[in-house]
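The values are calculated or read from the model by the stated rules, or taken from the named source; none is laboratory data. Treat the numbers as computed from the prediction; the structure is a model and nothing was measured. Methodologically, a virtual Cβ is constructed for each residue, glycine included, from the backbone with ideal geometry; neighbour enumeration extends over all protein chains shown.
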Amino acid sequence: MAKYKTLPILRDSRLMMVEVERIVKDFPRYHKYTLGTEIRQTAMKVYKYVSRAIKYKEFRKSYITKLLFVLDDLNLQLQVAKELHVFKSFRQFEIILTHTQQISKQSFSWKKKYD
């Protein structure tokens, strides 16, 4: 049986979501349940929109557009979290930001294909 190969954008969004879950659990208590929850929910939306864009071809353009807006929201949330010093280290911020940038690049390329 042939092994199913995951698309890079789906793999990256899943990895980002897992990293967000891992990192947010170390946020200070106050931020874990406010900003941390928002970041977790936004990361899940990214994963959902990528998955739906792959699965539902007839709505792909719409899901890609929504995905780009959600990625922008996530970037804003990460910047606020960085300024509030909720990450244990700069490396944690960098990990999530790198995943977000990779997904954004792939999303923009994907959007160009359908414009």
- request: Go through the range 35-63 and give me each residue that's in contact (Cβ under 8 Å) with a residue 12 or more places away in the chain, basic (Lys, Arg) and over 20 Å from LYS105 (Cβ atoms).
  value: ARG40
task: Consider only pairs whose beta carbons are under 9 Å apart and that are at least six residues apart or on different chains; among these, list those whose first residue lies in the range 88-114 and is in contact (Cβ under 8 Å) with a residue 40 or more places away in the chain and whose second residue is surrounded by fewer than 18 Cβ atoms within 10 Å (Cβ to Cβ) and part of a loop (DSSP other than H, G, I, E, B).
output: LYS88/ASP26; GLN92/ASP26; GLN106/LEU7
- prompt: Can you tell which of VAL80, VAL70 is modelled with pLDDT of 95 or more, in a helix (DSSP H, G or I), surrounded by fewer than 16 Cβ atoms within 10 Å (Cβ to Cβ) and in contact with a helix residue (DSSP H, G or I) (Cβ under 8 Å, 6 or more places away or on another chain)?
  reply: VAL80
field: Selected residue [touching a Ser or Thr at 6+ places or on another chain (Cβ under 8 Å) and more than 21 Å from TYR114 (Cα to Cα)] from LEU74, LEU84, LEU67, LEU15
entry: LEU74
message: Here's a check for you: in the range 83-115, which residue that is assigned to a loop (DSSP other than H, G, I, E, B) and in contact with a helix residue (DSSP H, G or I) (Cβ under 7 Å, 6 or more places away or on another chain) is surrounded by the fewest Cβ atoms within 10 Å (Cβ to Cβ)?
response: LEU84
message: Can you confirm whether ILE39 is among the β-branched types (Val, Ile, Thr), out of contact with any His (no Cβ under 8 Å at 6 or more places or on another chain), closer than 14 Å to HIS99 by Cα and in a helix (DSSP H, G or I)?
response: yes
- prompt: Across the range 20-36, which residue is farthest from ARG91 (Cα to Cα) among those that are basic (Lys, Arg) and in a helix (DSSP H, G or I)?
  reply: ARG29
